[in-house]
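First comes the structure, then the notes that go with it.
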Amino acid sequence: MKTRPLTLLVAIGAATAAAAASWACGGEGRAANPANGAVVKGGDDRTGAYDPVEGWWKPAPNHDDEWGWGQVAGVAVDHADRIIVVTRGDWPADRSAPRNGQIRRTNFVVAANGNGEIVEQWTQWDSIFTLPHQAYINPYDPDRHVWVIDSGGGQGHMRVVKFTNDGSEIVMRLGERDHPKTREAARARSDWDPYTYGWPSKLAFLPDGSFLLADGYWNSRIIKYSEDGEFIMQWGALGTGAGEFDLLHGLAVDEDRVYVADRQNERLQLFTHDGEFIEEWPNIFDPVNIWLDENGAVWVLDASLNRVLKYDRNGVLQDYWGAYGQAGAIGRGTWPGGLSLPHQLDMDEEGNLYIASYSGGWINKFTPKPDADPDRLLGPRLLLTN
């Protein structure tokens, strides 16, 4: 029998060890072990480098045995003790029973404190909203205005509303009442004016005060406005080609590029700030939110896979975590940290994450694990300079 040279055996051993290390990290940079390199047995990595804060999201003061949270659509962090949340109204508290279209038109905009207790209910604006979709605070704005996108639906008012930080006044409204009433009507035309929306979905801000609007579910365009809401430019069309969209649902801007989540086409598309197509990142299933951090990572919420995906700036998948949390086997129900159609995320100044689970009707708060690998944590939001 032939014997293998010692050098070959050493090489095979090293390769095997490397493969084992790669497997332990998930093969794509998914480090299950803590940063100090200690071996940790067990675990399933469902919340990644974060610990969920169990029971953080509380009922509203006017919730009872009859009414509770409906669809929780968006979240914007003012600071660690004030988290703005938009919902689509209250649903019957017993979610196991047929809803039969029942909805209570209140709690469209609320704010939670650091313990998840609802301390603000903007009921003075309940009458103006139909289907609030996302909430924002412009990170470049010293006055910390609160922005809400109302996707509207066929009968509602599709618009963007800018409030003072405390919600006492409306500063700006964009959106004409003469909007399309159906998806078919919206997509039958390509000449809607810059303020006639078709289910708008996302915003992104620039340091000079201008901003981008993804318009959106029915229309297929990005619109750029000045700080005062004056139209600057737009680009996009319905389709599957370069620079075409089918349901825009994610928007972010770095130093050179605009990132767009093209949801139905299962991809991200990248453009210059002037709307010129650069490239696409294909085969990303159901992307709905994009977070660019100051470390150069591109984080994407996947609504169907219930995951938080990490890419580098070249579009290469680095890591992911997250798991469906609304139902389980052997009689288990919701578990802490579970996601259910994650729809928008934000971060506070302490590095805690807040993720709106649209279908589940809750906000998850995640805190970094004490021994977390820094590469697995979302970094602070990327802020540009003029």
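Worth a mention:
- Candidates per trypsin sites (Lys or Arg not before Pro) in the stretch 287-369, loop by DSSP, up to 12 other Cβ within 10 Å: 332
- Estimated [θ] at 222 nm from DSSP helical runs (n ≥ 4, -39500 (n - 2.57)) normalised by residues in the chain, nearest 500: -2000 deg cm²/dmol
- Taking the charge dipole of the chain about its Cα centre, with +1 at Lys and Arg Cβ atoms and -1 at Asp and Glu Cβ atoms, the residue from 123, 149, 245 reaching farthest to the positive side is 245.
- Lysine pair count for the chain [Cα-Cα under 21 Å; pairs on different chains or 8 or more apart]: 9
- Principal-axis tilt of helix 6-24 within the chain, Cα atoms, nearest 10 degrees: 20 degrees
- For the peptides 169-176, 199-206, the ranking by mean Cβ contacts within 10 Å, running from highest to lowest, is 199-206, 169-176.
- Where both bridge residues fall in the chain, DSSP classifies roughly 95% of the beta bridges as antiparallel.
- Beyond 15 Å, the tail of the calculated P(r) for the stretch 34-108 holds 69 percent of the Cα pairs.
- Option label - percent of Cα pairs over 42 Å apart computed here, alternatives [x] 17; [y] 8; [z] 14: [z]
- Normalising the average separation of contacting C-alpha pairs (under 8 angstrom, six or more residues apart) by the number of residues puts the relative contact order of the chain at 15 percent.
- Proximity of backbone amide H atoms, modeled 1.01 Å from N, is registered between residue 318 and 310, 311, 312 at under 5 Å, excluding neighbours fewer than 5 places apart on the same chain.
- Contact order for the stretch 62-219, expressed relative to its length and based on alpha carbon pairs under 8 Å spaced 6+ residues apart, stands at 15 percent.
- Residue-wise HN-Hα couplings along the stretch 100-109, as the Karplus relation 6.51 cos²θ - 1.76 cosθ + 1.60 with θ = phi - 60° gives them from phi, are 6, x, 5, 8, 10, 7, 7, 6, 5, 10 Hz; Gly and Pro carry x.
- For the chain, a simple Cβ point-charge model (Lys and Arg +1, Asp and Glu -1, everything else neutral) yields a dipole of about 1400 debye relative to the Cα centre.
- Note on residue 95/residue 232: beta-carbon distance plugged into 1/(1 + (r/R0)^6) with R0 of 41 Å gives a FRET efficiency of 0.40.
Any read-out appearing in this document is the output of simple, stated calculations on the displayed coordinates, not a laboratory observation. Note that the structure is a prediction, hence the values are computed from the model and not measured. Every residue, glycine among them, receives a Cβ derived from its backbone with ideal geometry; neighbour counts consider all protein chains shown.
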